[in-house]
Every structure is written in C-alpha cells, then in structure tokens.
1. For B:Ala522, what charge total do you get from the other residues with a beta carbon under 9 Å from its beta carbon, if Lys and Arg give +1 and Asp and Glu give -1?
2. How large is ³J(HN,Hα), in whole Hz, for each residue of segment B:173-183 in order, when computed from phi with the Karplus curve 6.51 cos²θ - 1.76 cosθ + 1.60 and θ = phi - 60°, using x for Gly and Pro?
3. Going by amide H atoms built from the backbone, whose H comes under 5 Å of the H on B:Leu559, apart from near neighbours?
4. Over 24 Å between Cα atoms, which of A:Lys105/B:Lys42; B:Lys456/B:Lys490; A:Lys98/B:Lys41; B:Lys186/B:Lys659 qualify?
5. Express in nm, to one decimal, how much length is gained between B:Glu620 and B:Tyr694 on full extension, taking 0.36 nm for each residue of separation and deducting their alpha carbon distance.
6. Enumerate the amide H contacts of A:Val92 below 5 Å, restricted to partners 5 or more residues apart or on another chain; note that Pro and chain-start residues carry no placed amide H.
7. Please give the peptides B:426-439, A:120-133 ranked by average Cβ packing (other Cβ atoms within 10 Å per residue), highest first, as a rough proxy for protection.
8. Count charges around B:Ser181 for me, please; just the other residues with Cβ under 12 Å from its Cβ, Lys/Arg as +1, Asp/Glu as -1.
Amino acid sequence: MSVYQPIPGARFVDPTVLARIGNLEMVAKTVVDGLINGTHRSPFFGASVDFATHRGYVAGDDIRRMDWRVYARTDKYYIKEFEADSNSNFNVLLDVSKSMSFGEKISKLDYAKTLAACLTYLANQQRDRVGVVTFDEGVVDHVPPSAKHMDVVLHTLDRARAEKPGHLVAPIRRLAEHFGRRGIIVVISDFYAEPEEIFDAVGLLRFRGNDVVLFHVLDPQEVDFAFVEPSSFEDLESGDQIPIVPAALADQYRSLVAAHIEALTARASQQQIDYMLLNTSQPLDYALFRFLSMRERMARTR
Amino acid sequence: MSFLAPLFLLGLAALAVPVLIHLTQRERKSVVMFPSLMFLKKIPYESVQKRRLRDWLLLALRLAALLLIVAAFSRPFLRGSSVAAAPGGARDIVVLLDRSYSMGYGDSWSRAQRLAAESIASATAADRVSVVLFADSAEVVLRSTPDRSRAVAEINAASPGPGATKYGPALKLAGSLLAESLLPRKEVIVVSDFQRSGWQPDDTLRLPGGTVITTAVVEGAAGPSLALTPATLLRTRDAGQPERVTVTAGVLNRTAAEATAIPLQLEMDGRIVQTLPVSVAGNASATVTFAPVSIAATTTRATVRLGAAAPKGVAGQSGVAPAMSAIDALARDNVFNFTITPSAPVPVTVVTQGNRDDANLYLARALAIGEAPRFETSLQSAEALAGDAVNRARLLVLNDVAVSEDAAAKLVTFVEGGGGLLIVLGPRASWPSAREAWLPAIVGPAADRTRGAAAKLSGMDYGHAVFEPFRAPRSGDFSTARFYSYRALKVAKDATVLARFDTGEPALVEKTIGRGRVVMLASTIDLSWNDLALKPVFLPFVHQLGRHLSGFREQPAYLTIGEVLDITAAEIAAGATTSTAMANGGRTVLAPSGQRRDLSPSAPGATGDKSGVGVTAALELVEQGFYEVRAGGKEPGAVVVAAANVDLSESNLERMDPKELSAGVTGNGAAGSTLAPDVLPDKAQELAQRVWWYLLFAGILLLIAETVVAQRLSRATR
C-alpha cells in the first residue's frame, strides 16, 4: 500500500539521503527552504497581524488600541481587534518508543526526527515559539516553547533514542494538562494503540483549544507486510514472540492495518484534527508538501 | 552383553535432538524484530505446520547414526561370546598383611591372621601365593609358591611389630612381585585395619594392568584409646648443684569417653621415680609435669608409662608394659622412652708458643662461656704437641705456633681421624714445608697494614656453617674489626675461602681432610694484630668455629622407630675424643629385645667411610625401647644410648575407605571390590570389546548417507 504520488515539476529529496546528512538544522533548511521557495506561501497563521473587527470600549481596555479615526467619525469609543497574536506556540510531541526504531533503510524515528526538525524550522521562520516533547512510556525530554529554543529543540531531537517500550495515552494525558497556552501541537508516532485510546488522549489536547496535527509514521514493511520466510516475529517493545508464516497471514494483516488507518482518519476528521499517514519510503518534502497543501485547503474551508 | 562405559548411554538422550530440531527449528529459522504484534495477535492462527514432520528418511538416518555412535562409545562387551568364555587361568596372589603396632589393638591381630588364611584358602592348586608383611617397610616372607599351607604357617608365625602403617612400600613391592609373574591373573589381597594415616596418594604407584585388589578389613576393638605424646625436658643448673631436669608428659585421649585418674609413672633406669594421676576428657589431651630430678653422671634411661606399675626390668628391655590392657587395648603407645644425658663438654686444647697466656685470654674466655655445647679448654705449650695431648682433644687450636715435623705428622693423623684443627697465624706461626700441601693454604709473609687504612673483613661466605648465624641483617658486623697485620695465604685448590679481607686476600680458609677439618685464620686471635676480639661478633664467631670444627651436633632425647641413629655424632655429643674413635675398630649394638649385634666397618648397617681409620656409623631403629651402642677395641669409648618410640600417628585408629586405596593404585575404584570380575587376557579382552569399532564405523557411514540425502532433499525443495 503506497501513498506516494509524484507531483509534476517538483523534485523531492530521498529520506535516506537526508538521514545521512546528520545535521538536523541543515536537513530542515534543505527541505523547508526548497519547499517555501516553490510554494511562496505559508499556511500557518500564528504570525498574522491582520485587522479583525471593532468592539465597543469597556473600562479597563488599553486606550492605545482605541481607533481614533472611528471616534472622530462617530464620537464613540471603539477598540480595534486583530485576527491573531503576532506568534503562537508550536509544540512537537515525538514518540520515541522502541517500536519507532524499526525500519529497513531508514528507521521511523530518524524519519520522524527529520520531519519534526523541518516543521520546527518552518514554524520558527514564521516567528512562532517552538518546543518539543519526546515520550515513550513517560515524558523523556521536554523543551518548553520559546522563540529562542530552535537550537535546543534540534539538539533534543538529535539525541532522541528509541530505547523503551512506549505508551501513547498516559504521557499525552499528562502533557494535555501542561499546555496552558493554546498553540499548534504536532504528534508524530506510529500509533500502535486502539483508535479510541489514541483520540481519548489527543482529544484532550484538542479540547483545550490547541490545533492538533497527527503524523502517523509507518515503515513500508509495516504497511505491505512483504515477508516471505516463516519466522518467529518478536515484538520490539514487549519481547513477545510468535511463529508466523507470512504467506498465510499477509492479507489479513494488511486489511487490519488499513482498517486501523481508516479508523484513525475517521476519528481525526470527527474531532477536527489533522491526520496524515507518512510512509518512510516517501520523500520527506513530498510529505510536507502534501501536508501543507492539505492544511491550506482545510483552512479555506474552516 | 554389558558395557564397559555404561555412562555413555546417557548420550541416547541426544536422540531427541533431531526430533526437536524437526519440530521447532525448521519452522523458526530466524527471528524477525517487528515494531508491534498488535495486529498479528488479532489474527486467529493455528500453528499446525510446525508440528508436522516432513523428512522422515532424514530423521531416521540421523537417529540411527546417533544411536550407533552412542553405543560405540559405551564400549559393549560380549560376555557370553566364545571369546569371552576363554579360560581365566591361574592367579598369582600377593597377600599383604599389616603388622603395624595398631594391629595389636585387642584381638585385631588374630582376626587379621584368620582373614589372611581364609583368603589363601580360596586359591586353587594352580594359583601361586606370596606373603608380604608390612608396616613402615615391607618384607617378603614367602615368594610365589603353590604351597598354601606354608603361606598360612608364615602368617601364623608373624606378629605385629612396632612400626607404623605405610601402604606405599607394600604395594610397590606387591607390584614388583606381580610384574615378574607369568600367570594370566594377578591379585593383591590387603589385610589391614586401613588406618588413614598410612595412606598417602601417590601417582607413581600403579599395579600391573589387570591386577585385582581385594581388601579384607580388620575391624578394631572397641574401648578406650590413650596415647603418650613426646615428653619435654627442661634443664636447670644452679651454682654448685648438679644439673636438674623437669619432665612434662602429654596424654592424648582419642576416644569420646573420659579417662579419669589414670596413673602416670616416671621411671629412671628401671626404677619408678614418681607416679601422678592424670584425667583426660574425651578427644582431648592433658599434660603432667613431674617434680625435677637430678641428672646422673651417665646417660639415664627414662620412661613415662601410662597405667599400672610395670615389673622391674621390663622397661629397660622392650619398654612395653604387659599390664596395659587394663587401661587401653593398644599398649605400645602408652610408653614413651627418652634419655637424659648430662651435657658433655667438648674437649678443646689450645696450644701456644711459650708461656703467652695473654695470647689465649680472649679465646679461652670466649670458649668458657656457653652451654650447648660446653667447651672444656686446656692450655698446652707447643712442646706438648709431641706427646699425646693431641689425642685427648676434639678441637685443637694452634695459636701462633711453629709446628715441628713430628708434631705435623701427629696433627695430620688427628685431623684425618675426625678432629678439628684451627690454625691461628701470627708472626711466629710456621709449618714444615714438606707438609705444606696438606694445609688449606701455604703461609706467606706478613702483610703490614699499620700505615694507611687497616684491613677489614669482607666477602664472608654466609652459606657456610660458621657464618650462617650472621646471615640476616643486623646479626653481627665483622667489618668493624680492624686488621693491622695478617699473613698472606696461597689457597690450595681443594680448600674453601670462608672470608676475605677487603684487599681480596683470604682471611679464613677451610679444608676437609679425612673425617676432620682444618681452618686457618690469617691473623691473630688476640689484640696484637687486630681488634676482632673486642667486637661483639667475636664470641659467637668463636663458638661457631668450635662447634663446626668439633663436629658437635645436639642429640635428641628420643627417636622414632624407622629413624636412623647417627652413632658418630652421638659419640661426639657424649664426649668422645678422636683417640677413642680411632681406637675403635667397631661397635656393638644392644637392641631393646636383648639382641646383640656387631657394627664393624664391614658389617651391614655401617655406612660412610670404611677406610678403617674411623667409621661413620648409622643404625636404623626398628624396635621400641633403648638401644645401646658400645665402642669395641682396647680402650673403652663413650657409650651411646638412644631411646626409640613408636610413631604416634599409628595410634590414631581413624579408618579410610579401602576403595580409596584400590582406586589409588588401579585408577578404578570398582577393581577393589571383593567380588572381582573375571579378568581375561589382554588379547581376549580386545577381541571381546571390538564391537565398538564396527558400531562407530556404521555410525559414520550413516552420517555420510544423511549428508547426501539432506542435500538432495534441499535441492528438491528449492
């Protein structure tokens, strides 16, 4: 099951090549700058200073925001209101559980780290405050959002290692209470949990007014299940083993994975959460491009 | 069929390995690490394929190959075959009968004789029997005979001796007897109480191949077991009083039962001197100290005896009390013999030129001090050398003396007969040039070191007996002595330089001549040429020289049976001079049993120099009690009395497992069982056991076939 569709006129960078660069900042620059130059538009609105509306003055309002022109015309006090703050918080929640270490050419974690770096870089370019949280069964690293934290975020991403078994729900529940100020929260994970559990947790983020984006990162082997030899399959996180004859199980497995993705897509749509499936065999900038396009389309419809 | 190595049959468990491989490993060639089994676990899956055996032929081949190889390693033995049924043949039996003194415990000896006789009775007319009696040494009393009645008679005639058990010599002797045997079957029958103290595992001790060891254990009698440990002697000497000695005896209780109020006697020369009661707790020891007794002028034979009074005269003979059985079933270790010898002085003659008493002052004073040994110094003028003054001394000191030709001849005889000669070289010392080659060094002119730095002693041979006590750091500094003059010495080839001056010239030279020694000191022994006599090392140095040159060795108060008495050293310690040693053509030994034996230079038992001038004699002690050695010849010499005691380790009746001994000498514990299997000749054994070779060959063939089949099946599945 491949979701990679070539885009005419665009040349994307192979993720395995990006992974070899090693320097996340350079990778992010390479991907994002090329992308922005191609699109000339940013879909994020956190940095907007556009006028929104007028409202009547009430005691306590800052008189510097008074619209004196309207007062001259109407002899009434009005306050100018703007579309948004000049910038917003941009948080990446990166799953560093052991299952993320899986991958043939490039591990899911490397792919996710590059993706997180690119998104952070993009947001930072737009003067957003950037932060990152890595988690497995608990919170591993937490960089609070700040305009000056770009380097810290990249460093944190760089040293993230997939070493422990993960649990998606518990850390996200804890983090939901932590994010006081609304902003954009990007969750990057392989989402090995039941959709109900995932959205029960992610919903908490959403209900607090955050703009939540889910990136579902999977390796082609997880999606296509192209194994041939009968083998003993060992769960990377639990260590459980079961003997598998892939030829007999592949079809059922693929259908179960497809059902899982479909369930995630449906639930995300219901809760107005952006969800995107990323295959690590796809070029990263292609994935970003698709995502930004989708955001733009959705922004228009919202 | 039976197996030589049945433990290898455990390898049959390996048959399960190919089956398990088929059942498990073929289905799980590798492990695939997968992020999550969340979806795979949801799939209903019955693993049927892994339980199915596919290659039956391959499995059968592997199992058969393994079966054959395991069977080959377990060495099957065809007992019922015609080969195995070959006649066993006649036996060569060696009966080893323990005659150590522990066999005298209760009625152990009669039971041992009965067991030995029974084992001989099982022999057939074709068998040959040897009888070996052993304790700490082994003796063949009957060598390989078919006459069983003679063997039984020899056993009945034997009695337990005073020796301690040692299995090693007896088994070695049995091995050498069997090695000469031409009979196909060999057997060693050990009749003993199997005391642990008698067995020391020895890798070199091996009986000939196929020898069967049969053990007959003589159970010891129950009851108390007390033993006397070696007594300690404390000598005291008060001014004007004869020397006194305090005897402390130790009693060891080897049983758990407490022994109370057991009388302990001290006997001296056959008379009971003191009796004290002693109580010993179970598995413990106690000591008893007798009141001090005066030492007589001659050697006293003393005995500490546990139990009731012995009849007078018995202690002087065998030293074994017959009445001991009331206290202890093992009587021999209830007696401890020792000698109390008055410390005899070593006669020293110091010869000086003229009346120069000041020249002998420091030497005579130094020799007068000391107890072990005590030196009895007599001063003589140089003229006395022509008389017989020489022969009365053990050590002769020529203190700066010009020696005449006649005197030199006498000195040569004196030294070759075992005397010690110290030649102190001063300005007057000279030696007849005709006899210079006899000396350790040729005496040269005096070297004058009064101007400039005086000479010092250096380069001492600390490995030599004279300087050995000064070897350790801060044990005496010779370098502080200043030598202002000394005689140059040209050392003979066979002489040893014991010390040198810092100029490299020899200061002290030694030569062994005959049985005696000559030492030359290149400087004086008074203050005329050096100040050595004022230094702290002077006294111990003179004592060491005297002790070394006189050949004095302190004699022990008692010996253990099996040890060797150095008669010469004992005579010297008893005050013998060289004249008595020379006069003695031989010695007479009176054993504790009353047996008299001559120990002449040509007689067996005498060792060492047999030139006839003097004899270094040694005597092995084989009986418990007192040995007496008297010098023969016209002039009566010193009488040597030596006390011999049984080995205390033998009184420990702790028993070992006879299998341990069997395993030790055969390398196979099973060979020691009394029910020994039939032993086939080597060729017949080889034939009967050859099956393993065919089995192994067939197993290897099957493995080759398995490889071929596996390759073909593998290609077919691809």
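1. Numbers: positive: B:Arg487; negative: B:Glu505.
Summing Lys and Arg as +1 and Asp and Glu as -1 gives 0.
2. Calculated HN-Hα couplings, in order: 5, 4, x, 5, 5, 6, 5, 7, 6, 9, 6 Hz.
3. Here the answer is B:Ala643, B:Ala644, B:Asn645, since their amide H atoms fall under 5 Å of that of B:Leu559.
4. On the way: A:Lys105/B:Lys42 28 Å; B:Lys456/B:Lys490 19 Å; A:Lys98/B:Lys41 18 Å; B:Lys186/B:Lys659 18 Å.
Too far apart for the 24 Å limit: A:Lys105/B:Lys42.
5. Numbers: separation 74, 0.36 × 74 = 26.64 nm, distance 6.01 nm.
Result for the pair: 20.6 nm of gain on full extension.
6. So A:Val92 has HN proximity to A:Gly131, A:Val132, A:Val133, A:Val186.
7. Working: B:426-439: 16.1, A:120-133: 22.9.
Packing order, densest peptide first, comes out as A:120-133, B:426-439.
8. Values: positive: B:Arg91, B:Arg128, B:Arg143, B:Arg185, B:Lys186; negative: B:Asp92, B:Asp127, B:Glu180, B:Glu187.
After counting each charged neighbour, the total is +1.
Values quoted throughout were computed directly from the atomic coordinates according to the rules given, and no laboratory measurement underlies them. A quick note: this is a predicted structure, and the numbers were derived from the prediction, not measured. Glycine also receives a Cβ, built like all others from the backbone with ideal geometry; neighbour counts cover every protein chain displayed.
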